Amino acid sequence: MTSTSTALADAKDRGRQARKHRSLPYLPYLLPSVVLFACVIALPFCMNVFTSFNDWSGVGPMKWAGLANYRRLMHDSEFWASIWHSAALVAAMAVLPTIIGLVLAAALFDVIAKRFGPRVASILRACIYLPQVLPIVVAAIVWGWILDPQYGALNALLRAAGLGFLAHDFLGDPKTALLTVMAILVWFQLGYPVVIFMAALQRVDPALAEAAEIDGASWRQRLWRVTVPQIRPEIYVVLLTCTVASLRAFAWIYALTSGGPGTATQVPSYYSYISFFTNLDVGYGSAIATVLTLIIIVVAAVFLGAQRRHQAMAD
Amino acid sequence: MRGRGRGLSAYVTLLALVAISLLILIPFAFVLINAVKPAAQYSAHGPLSLPDGFDTSGIRTFWNTTDFGRALWNSAVISGSVCVLAVLLSILNAYALGIGRIRGRTWLLGAFLIANFLPQEGLVYPLYYLAKRVGLYDTRLSVVIIFTVIQAAFGTYLLSSVLGTFPRELLEAARMDGAGRFRILWRIVVPISRPTLGVLLVFFFIWTWNEFFLPLVFLVSNSNQTVPVALGTLQGQHIMNPLTTSGAVLLAIVPTVVFFLIFQRTLTRGITVGAVK
């Protein structure tokens, strides 16, 4: 028993030694990346964290401020508002598109493709996906123009339909601005989960769902109990990428509302940009950016951890 | 399955999906009908009327005020360079990590993954400061370098897991024949991984084309701006009227829809590749 285990350990050790020798010549291939990542990612990241502990306008010497910027953040109502708005955007850009996308993908895959042919399904899928190919700024400009209170198409449409009382400055009213941005984000993001989930459904073995159907499970039960668990890896990927994207919704806010009216649609991403380049309050902007970075890393870690746990359970 | 009859519920589902698709397409329709509408008609009948003439003055005004040809060229140069360089960098990294199995590769992969998730907001000011220091501020090269690294972080992560399953026998056979490491990479690994590399090229090109935040900060002079930045700054100046807006948007949509049509098959395949990473 002992001899076998020492022999095993020996072999393992030798294997490790051999691998060490064999992998050494591959190091030069990493060299360009090590240099580039150090300059473009690691150094700026550290500089940003360092700056967040200073008072600095971007020119002249920095003044050490300790945790002052972070203390200021804690009592800054605009910052807290921006965090809540971000949560709303996560709902609009990650949660809602995932749920609606799941239902649409299942409907396209189970009903449309099977009863009306795959051609019809793929045309509908392309229509739903189309907003995704637009640069965000372009999509935001389209919506800014459609929603313009004076010459925009939406209010004209409402008036033409005799619903003039609903006409409204949707982006200009603090009460409706955030909801309007959320609706636009759903429009934009929906195609992504639909395309990924339809691809996922092709990978899944139909036998399980058919067995469940024979057992009398309803369509909804089959979707939630059979299909969802099978395409869980794709659901994780969609939720993670959409959540990270929505936490960074800079281009949307820049081109649609500039965070306004007032601070009604302020988000941390835009707030840090304004602190850097408009308010010249670089230390404070760095603190906001550092908090945003932390939030995103924690979210990513939680998702990847949950994904790994589920995978381990499935194996 | 198709022979099982369509039934009422199937038609209701179809109707609902068609309605949703049309709802999603409405903004595109608005852009199309207003981009070529004569200005007098817009002021008289608003955005809903179908154009009774074909007037490209909105498009032309926008093209000339922004030097849109220049913006297209800048976007093409930046995105084209980034996609090629980032794929090259990803290959080198993935070769060392996926095939070379360098010690500590789990940590290195983790570092690339984190780099991939880091928000640009947390890097932008130091990058801006450093670029000014080394004289790269307001150059297309600065944006090319930054996005090459950012895209390569994703590319390395994806490609390393793909190359991790590369058939070992092929590598052994090549080694027997006396091929060196570099030769094996270019003559065997790259040709065999071509489909994945193609997907990455397309992804990197489109992602870089659509980027806004860093190009907005780095490309301040008109002659360096990309398409999204040119549109975004114009929007910020509030000097556009509805006709130039829809003309501008139409011009900006055309290239992306063309990419979409050209790369559609690669993309659908690619999105799946990305999803199971």
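Values in this text are rule-based calculations from the coordinates and carry no lab data. From a predicted model like this one, the values you see are computed outputs, not experimental measurements. Here the Cβ positions follow ideal geometry from the backbone for every residue, glycine too, while neighbour counts run over all protein chains shown.
Along its first, second and third principal axes, ordered by size, the protein assembly as shown spans 92, 76, 48 Å in Cα coordinates. Springs between Cα atoms under 10 Å define the GNM used for chain B, and in it the highest mean-square fluctuation of B:Ser246, B:Ser49, B:Ser21 occurs at B:Ser21.
Across peptide B:13-21, how many C-beta atoms of other chains are within 10 Å of each residue C-beta, on average? The partial results should precede the final answer.
Values: counts 9, 9, 0, 2, 12, 5, 0, 7, 8.
What the average comes to for B:13-21 is 6.
Neighbouring Cβ atoms from other chains, within 10 Å of the Cβ of residues in B:24-33, number 5 on average.
Which distance in Å, rounded to a whole number, links the C-alpha centroids of the stretch B:185-226 and the stretch A:234-257? Each part reduced to its Cα centre gives a spacing of 20 Å. Amide hydrogen proximity for A:Asn54: with H placed 1.01 Å from N in the peptide plane, the residues at 5 or more positions away or on another chain lying under 5 Å are A:Ala65. Quotient of the Cα radius of gyration of the stretch A:192-308 and 2.2 N^0.38 Å, N being its number of residues: 1.53.
In whole angstrom, how long is each semi-axis of the equivalent ellipsoid of the stretch B:73-275, when you take the square root of 5 times every eigenvalue of its Cα gyration tensor and sort them from largest down? The partial results should precede the final answer.
On the way: eigenvalues 263, 81, 38 Å².
In descending order the semi-axes read 36, 20, 14 Å.
Expressed per residue, the C-alpha convex hull volume of the stretch A:77-314 stands at 154 Å³.
If you take the beta carbon distance between B:Val190 and A:Gln150 as r and set R0 to 45 Å, what does 1/(1 + (r/R0)^6) give as a FRET efficiency, to the nearest 0.05? Kindly include the intermediate steps, with their values, before the conclusion.
Values: r = 56 Å, r/R0 = 1.25.
It comes out at approximately 0.20.
Label positions at A:Leu27 and B:Val84, each projected 7 Å from the Cα along the C-beta direction, are separated by 3.2 nm.
One Cα centroid belongs to the stretch B:55-104, the other to the stretch B:34-50; the line between them spans 36 Å.
Given an 8 Å cut-off on Cα distances and at least 6 residues of separation, report the relative contact order of chain A as a percent.
On the way: 324 pairs, mean separation 85.4, N = 315.
With pairs under 8 Å counted, the relative contact order is 27 percent.
Axis of helix B:105-117 versus longest Cα principal axis of chain B: the two differ by about 10°, to the nearest ten degrees.
Estimated at 0.36 nm per residue, the fully extended path between B:Ser9 and B:Leu141 surpasses their Cα-Cα distance by 41.9 nm.
Counts of other chain beta carbons within 10 angstrom of each beta carbon in peptide A:249-261 average 2. Over the stretch B:44-174, Cα pairs under 8 Å with separation of 6+ residues give a relative contact order of 40 percent.
Among the helices of chain A, those built from whole DSSP H runs whose Cα atoms reach 30 Å or more along their own axis and whose mean Kyte-Doolittle hydropathy is at least 0.0 are A:282-314. Coordinate range of the alpha-carbon atoms in the stretch B:2-55 per principal axis, descending: 55, 16, 14 Å.
If the segment from A:Met62 to A:Trp224 were pulled out straight at 0.36 nm per residue, it would be longer than the present Cα-Cα gap by 52.8 nm.
Put a plus charge on the Cβ of each Lys and Arg, a minus charge on the Cβ of each Asp and Glu, and nothing anywhere else: the dipole of the protein assembly as shown about its Cα centre is then about 1920 debye. Here the mean projected area of the convex hull built on the C-alpha positions of the stretch B:131-205 is 6.5 nm². Taking packing as the residue-averaged number of other Cβ atoms within 10 angstrom, the listed peptides B:97-104, A:216-223, A:66-73 run from highest to lowest as B:97-104, A:66-73, A:216-223.
With the simple model of a label 7 Å out from the Cα in the direction of the Cβ, A:Gln311 to A:Val34 spans 2.7 nm.
When each of the peptides B:134-140, B:80-86 is scored by the mean number of other C-beta atoms lying within 10 Å of its residues, the order from highest to lowest reads B:80-86, B:134-140.
Put simply, the amide H of A:Leu171, placed in the peptide plane, has no neighbours under 5 Å, leaving out anything fewer than 5 places away on its chain. In terms of other Cβ atoms within 10 Å, B:Leu219, B:Leu231 run from fewest to most in the order B:Leu219, B:Leu231.
Fewest to most neighbouring Cβ within 10 Å: what's the order for A:Met74, A:Met93? Walk me through the numbers on the way to the answer.
Working: A:Met74 9, A:Met93 27.
So the ranking, lowest neighbour count to highest, is A:Met74, A:Met93.
Net charge dipole, chain A: roughly 880 debye, given to the nearest 20, about the Cα centre with Cβ charges of +1 for Lys and Arg and -1 for Asp and Glu.
Helix content alone sets the calculated 222 nm mean residue ellipticity of chain A: runs of n ≥ 4 DSSP H residues at -39500 (n - 2.57) each, divided across all residues, give -21500 deg cm²/dmol. In degrees from 0 to 90, rounded to the nearest 10, what is the angle of the helix B:57-66 Cα long axis to the longest principal axis of chain B? Long axis of B:57-66 versus the principal axis of chain B: about 50 degrees.
The modelled label-to-label distance for the pair B:Ser223/B:Leu23, using points 7 Å beyond Cα in the direction of Cβ, is 4.9 nm. With 5 Å bins beginning at zero, the pair-distance distribution over Cα atoms of the stretch A:95-169 amounts to 3, 14, 14, 13, 13, 16, 15, 9, 2, 0 %.
To the nearest ten degrees, helix B:227-236 and the longest principal axis of the Cα atoms of chain B are 50 degrees apart.
Pairs of Cα atoms nearer than 8 Å and 6+ residues apart set the relative contact order; for the stretch B:73-275 it is 34 percent.
Among B:Met176, A:Met62, which comes first, second and so on when ranked by fewest other beta-carbon atoms within 10 Å?
Values: B:Met176 8, A:Met62 15.
Exposure proxy ranking, most exposed first: B:Met176, A:Met62.
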